[in-house]
Amino acid sequence: MTFAYHTGWRQGEILALQWSNVDFQENTVTLNAGTTKNDEGRVVYMPDELKSLLLRQWEERKAFEKILPYVFPNESRTNRIVKTRFNRAWKSACERAGYPSKLYHDLRRTAVRNMVRAGIPERVAMMISGHKTRSVLNDTILWMTRI
């Protein structure tokens with residue numbers, strides 16, 4: 001959730017993220033062209049919280065016998081997280097937290113809202129989150145004014 005909160009990346013992009021896309025030296029995480037909804041690659045620079053999260057994931061990865069390429073493996077660390085299982089866990093967690101109508105997609109909106117509020121130009125926020133057209137971003141900004 002922390003990764004989605006900071007980047008606004010789509011669920012499938014995060015679940016499929018591999019260690020080969022993480023560069024701790026450059027403090028970047030890259031999505032390769034052809035692996036995104038709009039087929040365009042993108043790069044996000046890691047703020048401290050995101051780098052800390054990924055470093056913890058890396059340390060956990062080293063503690064297991066089977067080394068997987070996925071940054072966010074499933075609970076048993078045997079493969080990547082399956083989208084349907086993630087969706088069930090998301091729904092259950094939201095219900096327990098008292099927010100049964102929250103959608104994972106809300107994190108994309110939140111990320112863009114936070115970037116814009118922090119002074120990041122809208123065009124840059126679009127590039128980070130993968131919003132290709134201004135009309136989609138407008139929908140997000142309209143949604144932001146209601147909260």
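Here are the numbers:
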{"read-out": "Matching residues in the stretch 1-60 - criterion: being assigned to a strand (DSSP E or B) and charged (D, E, K, R)", "value": "23, 42"}
{"read-out": "Scope the stretch 115-124; condition of a type outside the set (Val, Ile, Thr) and either without any contact (Cβ under 8 Å) to a residue 40 or more places away in the chain or more than 19 Å from residue 1 (Cβ to Cβ) (or both); matching residues", "value": "117, 118, 119, 121, 122, 123"}
{"read-out": "Subset of the stretch 77-110 (residues that are in a helix (DSSP H, G or I) and either in contact with a strand residue (DSSP E or B) (Cβ under 8 Å, 6 or more places away or on another chain) or touching a residue at least 12 places away in the same chain (Cβ under 8 Å) (or both))", "value": "83, 86, 87, 90, 107, 108, 109, 110"}
{"read-out": "Subset of the stretch 61-76 [in a loop (DSSP other than H, G, I, E, B) and under 18 Å from residue 1 (Cα atoms)]", "value": "71, 72, 74, 75"}
{"read-out": "Options 28, 84, 78; residue that is among the β-branched types (Val, Ile, Thr), surrounded by fewer than 16 Cβ atoms within 10 Å (Cβ to Cβ) and modelled with pLDDT of 95 or more", "value": "28"}
{"read-out": "In the stretch 83-122, the residues that are touching a Lys or Arg at 6+ places or on another chain (Cβ under 9 Å) and within 18 Å of residue 43 (Cα to Cα)", "value": "108, 122"}
{"read-out": "Qualifying residue in the stretch 19-27 (condition: in contact (Cβ under 8 Å) with a residue 60 or more places away in the chain, closer than 20 Å to residue 130 by Cα and of a type in the set (Asp, Glu))", "value": "no"}
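Here is a yes/no grid of residues against (1) surrounded by fewer than 17 Cβ atoms within 10 Å (Cβ to Cβ); (2) more than 12 Å from the chain's Cα centre (by Cα); (3) at positive phi:
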{"residue": "8", "(1), (2), (3)": "no, no, yes"}
{"residue": "14", "(1), (2), (3)": "no, no, no"}
{"residue": "39", "(1), (2), (3)": "yes, yes, yes"}
{"residue": "50", "(1), (2), (3)": "no, no, no"}
{"residue": "58", "(1), (2), (3)": "yes, yes, no"}
{"residue": "74", "(1), (2), (3)": "yes, yes, no"}
{"residue": "88", "(1), (2), (3)": "yes, yes, no"}
{"residue": "100", "(1), (2), (3)": "yes, yes, no"}
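The values are calculated or read from the model by the stated rules, or taken from the named source; none is laboratory data. Keep in mind it's a predicted model, so treat the numbers as computed, not measured. For neighbour counting, all protein chains shown are included, and Cβ atoms are generated from backbone atoms with ideal geometry for every residue, glycine included.
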